1. How much of the accessible area of the range 42-177, probe 1.4 Å, is carbon plus sulfur, in whole percent?
2. Taking only protein heavy atoms into account and a 1.4 Å probe, give the accessible area per residue of the chain in Å².
3. Let's test the formula: R0 of 22 Å, r as the Cβ-Cβ distance of THR31 and GLU77. What FRET efficiency results, to the nearest 0.05?
4. With a 1.4 Å probe and all protein chains in place, put HIS206, HIS109, HIS266 in order of accessible area, largest first.
5. What residues qualify as long-range amide H neighbours of TRP147, i.e. H under 5 Å apart, gap of 5 or more or another chain, H built at 1.01 Å from N?
6. Order the peptides 377-385, 113-121, 64-72, 272-280 from the highest to the lowest mean number of other Cβ atoms within 10 Å of their residues.
7. What part of the accessible area of the range 249-381, given as a whole %, is carbon or sulfur when the probe is 1.4 angstrom?
8. If you take the square roots of the eigenvalues of the alpha-carbon gyration tensor of the range 375-419 and sort them as a ≥ b ≥ c, do you get rounded (a/c under 1.5), prolate (a/b over b/c) or oblate?
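The values are calculated or read from the model by the stated rules, or taken from the named source; none is laboratory data. Computed from a predicted model, the values in this text were never measured in an experiment. Don't worry about glycine lacking a Cβ; one is built from the backbone with ideal geometry, like all the others, and counts go over all protein chains shown. Calculation scope for accessible area: heavy atoms of the full protein, side chains included, ligands and nucleic acids excluded. Shrake-Rupley method; radii C 1.70, N 1.55, O 1.52, S 1.80 Å.
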Amino acid sequence: MNLTDYERRMLDGEFGAARQKAIEFIVEYGTALNAPCLIPVSSVAGGLEYSAFTRDFYEKYGMDALFSEFNLNSSEELEIPVVSVPTATTISLTDVTQSEAIGVDRGIHDFCVAGEEYSKAKGMQCLSTCVPYQSLLIPTFGEHLAWMESSAVVAANSIFGARTNTESIESSGASSLSGRTPYWGLHCLENRYATHEFQINYEIEHDRDWGLLGYLIGEIAQENIPVVTGLKHRPTFDELKHFGAASAASGGVEIYHMPGFTPEAHTLGMALGENEPQETIHISKKDIESTYMRLNSQGESSDIDYIVLGCPHYSLNQIKELVRLLNGRAISASLEMWVYVPYTTKSMCDRQGYSQELKKAGVRLLADTCAVVGNLAPTNARKAATNSAKMAHYLPSVVDVQCFFGATEDCVEAAISGKWEGVF
Ligand code: F3S
């Protein structure tokens with residue numbers, strides 16, 4: 001592998017043992033993938049690994065040992081320096097201001113507090129979100145990144161035209177200290193062209209259908225690269241966010257193109273790199289409807305006890321829309337509605353008065369965490385509803401609740417009545 005003089009000096013230990021270990025890891029990772037060289041990254045989304053297991057490890061050995069073992073793959077405890085490039089933390093296991101109220105174990109709470117303090121001391125940005133691009137870490141076109149979290153990766157590649165593979169805890173940790181990642185995969189232009197064309201033969205009128213469309217395309221495309229044609233309307237930013245998150249959940253989509261709407265391909269030819277698509281798939285309204293039915297095959301009872309919004313983390317606009325839909329009404333006492341946001345959005349909700357309105361309606365706004373990563377649900381929750389196809393995909397297996405999927409309006413009406421009455 002070709003290394004620059006600076007990279008060789010790092011590899012020789014000139015910038016300390018931790019950065020040496022970090023670049024060793026990145027070189028090994030790149031060698032395994034036949035990467036010709038490394039490239040500098042503008043930012044990293046990663047941070048500590050939060051789980052019950054890593055909590056026990058931290059309690060026994062401390063934070064530097066934890067970072068060494070889980071972020072650098074080093075059994076030797078290293079003194080961890082500050083990060084070399086802007087590094088945002090991804091989702092945590094709790095909102096530390098509400099841990100007790102949402103049933104988070106005291107030990108996990110303390111671990112997350114300690115993790116945040118440690119991350120700050122190491123120069124990381126404690127955004128604790130899967131939407132760093134909607135918080136304070138905004139990628140630009142063509143930038144190389146080392147990001148974790150599938151929904152963040154597909155958004156960075158597709159909506160922003162930045163370049164990142166889906167990194168792991170170890171590789172993102174090593175990139176945060178070395179400032180490098182191997183030049184392979186989606187960092188290379190030739191690997192970013194679409195392989196499969198999806199022609200949409202109906203007019204998407206509902207924001208719900210962007211998640212459904214992403215879910216269906218992900219199922220078919222798997223790890224291939226879709227280009228979506230035939231769209232009649234420009235999707236909003238939040239619709240693109242839902243589309244990508246769903247496609248990454250049901251398949252392994254890391255980048256998609258929508259000619260005219262996403263920045264890397266103004267035309268179908270550009271999206272395909274002037275190649276022929278390997279396959280052209282036609283999507284009709286019926287296909288979307290059957291995806292809806294599959295996500296909603298949840299047995300007889302329509303009684304709901306948990307409404308989950310904010311997957312991916314909600315934006316300020318989505319919160320504003322939620323407040324509009326609630327229209328001053330309180331949710332049913334028979335259920336809980338938890339809405340997940342980044343801390344930055346929560347602060348803006350406080351300023352705009354949305355937090356107070358949601359509280360009055362009985363809605364809980366939670367920052368820094370989510371139902372899936374935090375494994376969070378009200379005690380005894382059995383049946384949930386969400387407007388996120390990604391959440392509907394994961395919630396039943398992670399939190400062991402059944403889950404309906406539908407439009408935000410349907411979720412709000414279910415929150416008021418306690419019953420799911422969503423229809424396609
Ligand atoms: Fe984000 Fe959690 Fe959904 S990480 S994309 S809110 S499952």
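1. Using a 1.4 Å probe with all protein chains present, the range 42-177 comes out at 50 percent carbon and sulfur.
2. Ligands and nucleic acids excluded, the result is 41 Å² per residue.
3. So, using R0 = 22 Å, E works out to roughly 0.30.
4. Listed by decreasing accessible area, they come as HIS266, HIS206, HIS109.
5. Hits under the 5 Å cutoff: ALA45, ASN165, GLU167.
6. Working: 377-385: 19.1, 113-121: 17.0, 64-72: 22.3, 272-280: 13.6.
Highest-to-lowest ranking by the protection proxy: 64-72, 377-385, 113-121, 272-280.
7. C and S atoms contribute 47 percent here.
8. Oblate, because a/c is 1.5 or more while a/b does not exceed b/c.
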